[in-house]
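I have placed the structure first, in the form of structure tokens, so that the comments after it can refer back to it.
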Amino acid sequence: MKRPILAYGHSILKQKCNDIEKNYPELNKLIADMWETMKNANGCGLASPQIGLPIRLFVVDSKTTFENLDEADREIYFDKDDKGIMETFINAKIIERSAELWEDEEGCLSIPNLSQKVKRPWTISIEYYNKDFDFQTKTFSGTTARMIQHEYDHTEGILYLDYLKPLTRRLMESKLKKIAKGQIKTKYPMKFV
């Protein structure tokens, strides 16, 4: 089932989310809904607060991005052995970030039609439970790591806007107000404040 995505301005998007247990009600259905909602919006990731649930759950698809890039771009945005992932992250905790940073354009389904360059670590190590609630510790790099960090931030109540310089943020203010008031057109269902 496709769920509406909360637009910028909803307080839940600034809230730190809670861990969940394996017996969380209808967890498999929720995960399936999140994948369907994300794909319907042409996204590459979606976190549960974006559909109104303050829990530590997100999905990431860097595989589609990888497949849509030509060989030269794959070498820039992905490490040699990385062909992208389609993964569910539950109760995730980033345990290590590389000192090496890189800057790239980021957008967000809750902040449609806007994007900005954001600096993030190239490599991260993360602990999480997958969709089967099996515990994982993995290391990711490049675009895959960027997508994970973006969605992980959602579960921490952080938006990519929070990384921008004050002037850049100020220049976006009128557009952000329009998003919050629902004065925009999107190709996917949204819920405005």
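The values are calculated or read from the model by the stated rules, or taken from the named source; none is laboratory data. Since the model is a prediction, treat every value here as computed from it, not as a measurement. When we count neighbours, we look across all protein chains shown, and the Cβ atoms used for this are built from the backbone with ideal geometry, even at glycine. We work out accessible area using only protein heavy atoms, side chains counted, and drop any ligands, DNA or RNA first. Shrake-Rupley method; radii C 1.70, N 1.55, O 1.52, S 1.80 Å.
Computed about the Cα centre, the dipole magnitude for the chain is approximately 1200 debye when only Lys and Arg (+1) and Asp and Glu (-1) carry charge, each at its Cβ.
Across all C-alpha atoms in the stretch 41-92, the radius of gyration and Dmax reach 13.2, 39 Å. Taking all protein chains into account, the per residue accessible area for the stretch 1-107 stands at 54 Å² (1.4 Å probe). Peptide packing for 173-185, 150-162 was compared via the average number of neighbouring C-beta atoms within 10 Å per residue; ordered from the highest value, the list is 150-162, 173-185.
Probe radius 1.4 Å, ligands and nucleic acids ignored: give me the carbon and sulfur share of the accessible area of the stretch 1-112 as a rounded percent. Carbon-and-sulfur percentage of accessible area, whole number: 48. For the stretch 61-70, just list the computed ³J(HN,Hα) in residue order, Karplus coefficients 6.51, -1.76 and 1.60, θ = phi - 60°, integers in Hz, with x standing in for Gly and Pro. So the J values, rounded to whole Hz, are 10, 9, 5, 4, 4, 4, 5, 8, 8, 7. Here's the list of lysines a cross-link from K93 could span, going by alpha-carbon distance under 17 Å and ignoring same-chain residues fewer than 8 apart: K16, K22, K131, K138. Surface listing: C108, C44 arranged by accessible area from highest to lowest gives C44, C108, probe 1.4 Å.
Extending 7 Å from Cα along the Cβ direction at E75 and again at E36 yields two label points whose distance is 4.2 nm.
Projected onto its three principal axes, the C-alpha set of the stretch 26-138 covers 42, 33, 23 Å, listed from the longest axis down. Of K119, K187, K2, the residue with the largest accessible area leads and the full order is K187, K119, K2 (1.4 Å probe).
Using 0.36 nm times the number of residues separating K191 and K131, minus their current alpha carbon distance, what extension gain do you get?
Fully extending the segment from K191 to K131 adds 19.0 nm.
Cross-link partners of K14 among aspartates and glutamates, defined as those whose alpha carbon lies under 16 angstrom from its own and excluding same-chain residues fewer than eight positions apart: E151, D153, E156, D162. Could you tell me whether the stretch 66-123 comes out rounded, prolate or oblate from its Cα gyration tensor? Rule is a ≥ b ≥ c as square roots of the eigenvalues, rounded for a/c under 1.5, then prolate if a/b exceeds b/c, otherwise oblate. Rounded is the answer for the stretch 66-123, as its axis ratio a/c remains below 1.5. For I55, the residues whose modelled amide H falls within less than 5 Å of its own, excluding neighbours fewer than 5 places apart on the same chain, are N18.
Model label points for Q183 and K14, set 7 angstrom from Cα along the Cα-to-Cβ axis, are 2.0 nm apart. Solvent-accessible surface of the stretch 148-193, averaged per residue with a 1.4 angstrom probe and all protein chains in place: 61 square angstrom.
In the chain, which whole DSSP H runs stretch at least 24 Å along their own axis (Cα) and average 1.6 or higher on the Kyte-Doolittle scale? The qualifying helices: there are none.
Give the shape of the stretch 84-156 as rounded, prolate or oblate, defined through the alpha-carbon gyration tensor: a ≥ b ≥ c are the square roots of its eigenvalues, a/c under 1.5 means rounded, and otherwise the shape is prolate if a/b is larger than b/c and oblate if not. Don't skip to the end; give the middle numbers.
Numbers: a/c = 2.22, a/b = 1.36, b/c = 1.63.
Judged from the Cα gyration tensor, the stretch 84-156 comes out oblate (a/c at least 1.5, b/c at or above a/b).
Counting every C-alpha pair in the chain, the share spaced more than 24 angstrom apart comes to 37%. Applied to the stretch 74-83, the Karplus parametrisation 6.51 cos²θ - 1.76 cosθ + 1.60 on θ = phi - 60° returns per-residue 3J(HN,Hα) values of 4, 5, 7, 9, 10, 5, 3, 8, 8, 10 Hz, with x for Gly and Pro.
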